[in-house]
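Undergrad: This is the structure I have questions about; it appears just below.
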Amino acid sequence: MALPRLDNKAARALFMDRHALAEQPSGGAKGADLLQLIHRLGFVQLDSINTVARAHDMILYSRRPSYRTNNLKRLYERDKALFEHWTHDAAVIPMEFYPHWHLRFQRDEALLKSRWKNWRRDGFEQQFATVLQHIRDHGPVSSSEVGRDEKKGSGGWWDWHPSKTALEFLWRSGALTVIGRNGFQKRYDLTERVIDAHLCPGNLACDAETTVDWLCNAALDRLGFATPGELAAFWDTVSVTEAKQWSEQALIRGLLQEIEITCADGRLRKLVARPGFTEVETPPPPGRIRVLSPFDPMLRDRNRAERLFGFHYRIEVFVPAAKRTYGYYVFPLLEGDRMIGRIDMKAHRYRGILQVSALWPERSVRWSDARTRRLQSELDRVRRFAGLEDVEFAKDWLKDPK
């Protein structure tokens, strides 16, 4: 019997809806409204690069244009409605999800003890008691405030001193909690002083099986349809084997069904979804152009984005300049349900200018004067969000597709 099928347009629309990009960018962007949006997304990745605005701010702004950077800071640091930990990278996550991170703490503890012995400096394990006692006696600290006598060399991420490594390990394994950032430097405190007791181990019945079930369900809710590998990659805590076993059991119990989606290149791909999922209708996404962060959750899984949208995107921050295809930090452009190009731009804050160096349309996109006007409107909105005064286009900024 043929499997239920979603054509490519319907698959894109449903996926965008799960990522809050299928509706008009509007609505409340602070307090409970902002928390609801982050809950819907699952998490928001944090990143320090500030070419125009930091990734987490761009992610939230692209969905709620009334968002301002202090709104997230208040929700995280003052209201303690979010905690910071890892999914596939550092992220802020609704505090409600904290009980399901105990499994992550356990797995990170085992993994990092083994891994960091090979590439961090020796001796970090001997600093655990000292670091914890220092924080207990003196309050929250940043990495610059511990282990000053241990610092050697450049002090970069590749050359952490043992106490800095101990801080990061104790955070990743749950003994410490990040309570906020000064600039982009994390500040750590004892978890027992930050997280409500009812969310902590010993007060919960979240065993590994319960957490795997929750993580897989929560991933599917935010992806709409997925393979076991995609479910595992969403939070990056469960293994592909665990996600596969979960999917198989859910199929047997009738909680999932197998479906097919049509990829951008016409190929069919088999995945799992909730029963009746293919019957859900979503309104067409708005036609306005939106600048997305390179770390936008809709594009986080680069391979999935390429299958659904036919959009090949790789960030080139760590690629030597001479070898880059596009640029250091190039922003994807979304129009309706299509990825239409990528734009290289930078905020020159001392001049108050958002400078556009280059734009490359996708091969399938005819770049018209009307599109240029829509782009200019979007860039003017981004310019205001970044606190700049004007947009400046370089000569020959519109490039031929690659």
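The values are calculated or read from the model by the stated rules, or taken from the named source; none is laboratory data. The structure presented is a predicted model; accordingly, all values stated were derived computationally and were not measured. Don't worry about glycine lacking a Cβ; one is built from the backbone with ideal geometry, like all the others, and counts go over all protein chains shown. Only protein heavy atoms, including side chains, enter the accessible area calculation; ligands, DNA and RNA are left aside. Shrake-Rupley method; radii C 1.70, N 1.55, O 1.52, S 1.80 Å.
Undergrad: I'd like the full set of residues that are open to solvent by 20 Å² or more (accessible area, probe 1.4 Å) and either in contact with a Pro (Cβ under 9 Å, 6 or more places away or on another chain) or farther than 19 Å from VAL291 by Cα (or both), limited to the range 40-64.
TA: ARG40, ASP47, ILE49, ARG64 - these are the residues of the range 40-64 that are open to solvent by 20 Å² or more (accessible area, probe 1.4 Å) and either in contact with a Pro (Cβ under 9 Å, 6 or more places away or on another chain) or farther than 19 Å from VAL291 by Cα (or both).
Undergrad: Looking at the range 51-106 only, could you name the residues that are over 25 Å from ARG172 (Cα atoms) and of a type outside the set (A, V, I, L, M, F, W, C)?
TA: Of everything in the range 51-106, those that are over 25 Å from ARG172 (Cα atoms) and of a type outside the set (A, V, I, L, M, F, W, C) turn out to be THR51, TYR61, SER62, ARG63, ARG64, PRO65, SER66, TYR67, ARG68, THR69, ASN70, ASN71.
Undergrad: Inside the range 380-401, can you point out the residues that are open to solvent by 80 Å² or more (accessible area, probe 1.4 Å) and under 27 Å from the mean Cα position of the chain (by Cα)?
TA: Answer for the range 380-401, where residues must be open to solvent by 80 Å² or more (accessible area, probe 1.4 Å) and under 27 Å from the mean Cα position of the chain (by Cα): just ARG384.
Undergrad: Pick from LEU6, LEU37: which is open to solvent by less than 30 Å² (accessible area, probe 1.4 Å) and within 15 Å of the chain's Cα centre (by Cα)?
TA: Values: LEU6 fails: within 15 Å of the chain's Cα centre (by Cα).
Unique residue meeting the criteria: LEU37.
Undergrad: Of all residues in the range 315-335, count the ones that are open to solvent by 10 Å² or more (accessible area, probe 1.4 Å), under 19 Å from PHE295 (Cα atoms) and assigned to a loop (DSSP other than H, G, I, E, B). Walk me through it before giving the result.
TA: Taking the range 315-335 and keeping what is open to solvent by 10 Å² or more (accessible area, probe 1.4 Å), we get 315-326, 328, 335.
Subsequent filtering for residues that are under 19 Å from PHE295 (Cα atoms) retains 315-319, 324-326, 328, 335.
Going one step further and asking which of them are assigned to a loop (DSSP other than H, G, I, E, B), we end up with 315-319, 324-326, 328.
Number satisfying all stated conditions: 9.
Undergrad: Being crowded, with 17+ Cβ neighbours inside 10 Å, among the hydrophobic types (A, V, I, L, M, F, W, C) and either part of a loop (DSSP other than H, G, I, E, B) or over 25 Å from the mean Cα position of the chain (by Cα) (or both) is the filter here, so list the residues in the range 278-314 that pass it.
TA: Hits for the range 278-314 are LEU292, PHE295, MET298, LEU299, PHE311.
Undergrad: Further question on the same structure: List the number of the failed condition for ASP236; all other conditions in (1) touching a residue at least 40 places away in the same chain (Cβ under 8 Å); (2) at negative phi; (3) open to solvent by 50 Å² or more (accessible area, probe 1.4 Å) hold.
TA: Against the list (1) touching a residue at least 40 places away in the same chain (Cβ under 8 Å); (2) at negative phi; (3) open to solvent by 50 Å² or more (accessible area, probe 1.4 Å), ASP236 comes up short only on (2).
Undergrad: Follow-up. So which residues in the range 350-379 are surrounded by 14 or more Cβ atoms within 10 Å (Cβ to Cβ) and charged (D, E, K, R)?
TA: Correct list: GLU362, ARG371, ARG374, GLU378.
Undergrad: Just the residues that are out of contact with any Phe, Trp or Tyr (no Cβ under 8 Å at 6 or more places or on another chain) and over 18 Å from LYS399 (Cα atoms), please, taken from the range 304-313.
TA: Of everything in the range 304-313, those that are out of contact with any Phe, Trp or Tyr (no Cβ under 8 Å at 6 or more places or on another chain) and over 18 Å from LYS399 (Cα atoms) turn out to be ARG304, ARG307, PHE309, GLY310.
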